[in-house]
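I have placed the structure first, in the form of structure tokens, so that the comments after it can refer back to it.
The values are calculated or read from the model by the stated rules, or taken from the named source; none is laboratory data. Please read these numbers as outputs of a predicted model, since none were measured by experiment. Because the Cβ atoms are built from the backbone with ideal geometry, glycine has one as well, and the counts that use them run over all protein chains shown. All accessible areas refer to the heavy atoms of the entire protein, side chains included, with ligands and DNA or RNA removed. Shrake-Rupley method; radii C 1.70, N 1.55, O 1.52, S 1.80 Å.
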Amino acid sequence: KSLFKKSLATGHNHLENNYYLGICYRETGKAKAWIIQKLDYRQSEKSFQIVLQQDSLFKDVLYQWALLSRYRGEYEAAIQNCQEQIRLKPHLYIPRLNLYRLYRYFITHRSLEEVFIWLHQHPWPESRYFWGEKLRREGKSSRADSDFLDLLKGPVDLPAQPVLISLAKINYQSGNVKAAERYFWQSVNQIHSRLEADLIFEELKYIVSTHEYQHYDTLDTARQFREFFRNFWFRRNPVPSFPSNVRLTEHFRRLLYAEKNYEYDGFRLWSDNPDKLQELEFPDTHFLNQEFNDKGLVYIRQGDPDKRVSTVAADLPTNESWLYYASRDVPQLSYHFILTKPDN
């Protein structure tokens with residue numbers, strides 16, 4: 001912040017300095033107490049507005065403002081700003097991918113009625129999809145299933161992958177494994193772009209290895225992406241002769257359970273980190289998770305623990321420990337969780 005303020009005072013690079021000041025104030029604000037946070041967020045908005053008033057096509061300023069709106073809990077404004085950014089500069093990749101995350105925040109934090117009213121007032125293709133997602137998450141699977149199938153039939157400017165994966169989730173939840181797996185592989189077989197591949201990758205990033213992640217980053221053709229997903233699940237299938245891939249089925253079972261019990265999209269701050277001295281080493285893939293708390297990530301990776309233990313005492317925070325017995329390939333694992341704030 002100091003450097004950009006100093007540079008701004010010289011009168012040079014006016015737009016660029018305000019653009020980066022907006023980002024700085026937004027990122028410092030999220031770690032501060034409520035009143036000071038509001039001041040930082042206000043400064044961030046002021047900087048973005050200066051840029052927008054002079055050049056609305058400057059870099060990805062509307063998307064950066066969308067992230068500020070998300071930090072403030074203004075999810076509707078976040079979606080609108082991101083959609084406008086995509087309209088003005090459709091070649092920008094990150095806003096197109098992260099638009100789905102902004103919609104997810106919205107349907108997570110708003111009631112069914114609020115979601116229905118707002119999405120039907122803003123008939124973007126993604127709005128139609130996320131109305132179905134809200135229905136699915138509320139347990140109204142038959143209505144969601146019908147809406148998703150209608151989306152696939154109609155000429156809608158929307159990647160098919162999220163819709164097909166949502167249909168897979170509905171069928172996994174109802175125990176129709178054959179149909180679920182058919183929808184999943186349909187989503188893989190229909191990959192024609194990196195965006196479509198990344199929307200599938202978002203569903204399995206929690207269990208990808210560092211080597212696989214690095215390899216995935218080097219891919220650039222639709223055929224390579226399709227091959228990656230096929231090999232990814234083939235290697236993990238413990239019973240290749242079985243009609244369905246039991247590891248794929250188990251992954252979605254865990255994913256759906258974590259969605260219901262361990263979802264967390266709040267800030268991950270240093271002040272909340274029990275490992276402030278960084279004694280633990282995590283793989284790069286650990287930091288891809290932005291949807292679940294630590295329990296959720298461990299659950300998706302390891303499944304149900306063999307033992308759960310909580311220690312209760314007046315001077316102890318809410319806690320729980322999970323024990324996984326040793327297996328042929330994996331040593332005994334134990335995880336200790338402390339609740340630092342609701343859901344985290």
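The table below lists the values:
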| quantity | calculated |
| --- | --- |
| Backbone HN-Hα couplings from phi across segment 299-304 [Karplus 6.51/-1.76/1.60, Hz, Gly and Pro as x] | 4, 5, 6, 10, x, 5 |
| Three-way shape call for the chain based on the alpha-carbon gyration tensor, with the a/c threshold at 1.5 | oblate |
| Part-to-part distance (alpha-carbon centres) for segment 260-328 and segment 91-122, which is given in Å | 27 Å |
| H109 accessible area, 1.4 Å probe, all protein chains in place, Å² to nearest 10 | 80 Å² |
| Sites N344 and K32, calculated FRET efficiency, Cβ-Cβ separation with R0 25 Å, nearest 0.05 | 0.90 |
| Under Karplus coefficients 6.51, -1.76 and 1.60, residue-wise ³J(HN,Hα) of segment 315-332 in Hz, glycine/proline x | 9, 10, x, 4, 8, 7, 10, 10, 10, 10, 5, 5, 10, 4, 9, 10, x, 4 |
| Gyration tensor verdict on segment 249-344 (Cα atoms; rounded if a/c is under 1.5, prolate if a/b is larger than b/c, oblate otherwise) | rounded |
| Net length gained if the chain between Y105 and F282 were fully extended (0.36 nm per residue, minus Cα distance) | 61.1 nm |
| Mean accessible surface per residue for segment 107-238, computed with a 1.4 Å probe while every protein chain stays in place, in Å² | 48 Å² |
| Dipole magnitude (debye, nearest 20) for segment 1-152, charges at Cβ of Lys, Arg, Asp, Glu | 560 debye |
| Size of electric dipole in the chain: Cβ of Lys, Arg +1 and of Asp, Glu -1, about Cα centre, debye, nearest 20 | 200 debye |
| Within the accessible area of segment 1-148 (1.4 Å probe), percent carbon and sulfur | 53 percent |
| Pairwise centroid distance, computed over Cα atoms, of segment 1-80 with segment 145-175, Å | 36 Å |
| 3J(HN,Hα) from dihedral phi, segment 97-111, Karplus parametrisation 6.51/-1.76/1.60, rounded to Hz, x for glycine, proline | 6, 7, 4, 5, 5, 5, 5, 5, 4, 4, 6, 6, 9, 10, 6 |
| Cα gyration tensor shape of segment 143-267, rounded if a/c is under 1.5, else prolate or oblate by comparing a/b with b/c | rounded |
| MRE, 222 nm, helices only [DSSP H, n ≥ 4, -39500 (n - 2.57), over the chain, to nearest 500] | -19500 deg cm²/dmol |
| Listed residue (V298, Y213, C24) projecting farthest to the positive dipole end of the chain, Cβ model | C24 |
| Cβ charges +1 (Lys, Arg) and -1 (Asp, Glu), total dipole of segment 119-181, debye | 200 debye |
| Given charges at Cβ of Lys, Arg, Asp, Glu: the chain dipole, positive-most of H14, L323, Q121 | Q121 |
